[in-house]
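Attaching a single structure in structure tokens format; questions to follow.
The values are calculated or read from the model by the stated rules, or taken from the named source; none is laboratory data. Only a predicted model underlies this, so the values are computations on that prediction, with no experimental measurement involved. Counting neighbours? That spans all protein chains shown, and the Cβs are built from the backbone with ideal geometry, glycine included. These accessible areas exclude ligands, DNA and RNA; they are computed on the full protein's heavy atoms, side chains included. Shrake-Rupley method; radii C 1.70, N 1.55, O 1.52, S 1.80 Å.
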Amino acid sequence: MTGGPETSIDGTRTAATQRGQAKELRRMALLSAAAGLFAENGFTRVSLEDLGAAAGVSGPAVYRHFPGKQAVLGELLLSVSRDLLNGGQSVVAEAADPADALKGLVQFHVDFALSNPDVIRVQDRDFGSLSEADQAEVRSLQRGYVETWVGVLARLHQGADIAGLRVRAHAAFGLINSTPHSVRHHGRKIAVKSARPILEQMALAALTSA
């Protein structure tokens, strides 16, 4: 007699897990669609119906995942900023020494830039469309990411001015992040393949020079 209820409970748990996974997949599909649409058309020119259609759901169904279009933009940029900070900190924690940490950070950021060109374009153009609270949180996360780099640079350039090291870090980001604007006009696979070693070498040269 116990087999029936136990099976029912297991079945309910499985169904709930599957529903949760499906919801998360739809949410991620919406964010992916938003990155492409915002990058191509700009935040103000994209409607909830556009987002839903690109993700395979109706416009009103978007509200099951986000309270509105601005919230989609916020989650897009916040999730990327969190991933950058957490990923950068993990690279440093696992590195054998400062030189290894810096090389890892450069490779990590190049991977990010080449994998997320749409998000970089959205950040550059539509940051001002975020809510004030989301703007503040994104800035805080990004400052943390910059300071992760600065901490490594300070160990490599002992006694160097910290403000100057921040300039180096931002310059490296500018170099690496500019790539998405150029690869749009070339064969993507060819451009990405050739860009990776060039970006890594140039960034490391700029960050390690005396």
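Given a Förster radius of 35 Å and the C-beta distance between residue 160 and residue 96 as r, what FRET efficiency does 1/(1 + (r/R0)^6) yield to the nearest 0.05?
So the FRET efficiency works out to roughly 0.95.
I would also like to ask the following. Under a point spin-label approximation (7 Å from Cα along Cα-to-Cβ), what is the residue 45-residue 206 distance to one decimal in nm?
The answer from the label model is 2.9 nm.
Oh, and also: Keeping all protein chains in place and using 1.4 angstrom, which order do 65, 170 fall into by accessible surface area, from largest down?
170, 65
What ranking of 162, 198 comes out by heavy-atom accessible area, probe 1.4 Å, highest first?
Output order, biggest surface exposure first: 198, 162.
Of the accessible area of the stretch 69-208, with the probe set at 1.4 angstrom, what percent is carbon plus sulfur?
Within the stretch 69-208, the accessible surface is 54 percent carbon and sulfur.
So with the 1.4 Å probe, I'd like the accessible area per residue for the stretch 69-208, rounded to whole Å².
50 Å²
Turning to a different aspect of this structure: How high is the FRET efficiency between residue 193 and residue 28 when r is their beta carbon distance and R₀ equals 22 Å, given to the nearest 0.05?
With a Förster radius of 22 Å, E is 0.25.
Short version: ³J(HN,Hα) in whole Hz for each residue of the stretch 50-62, in order, from phi by Karplus 6.51 cos²θ - 1.76 cosθ + 1.60 (θ = phi - 60°), x for Gly and Pro, what are they?
Once rounded to whole Hz, the list reads 4, 4, x, 4, 5, 9, x, 10, 6, x, x, 5, 4.
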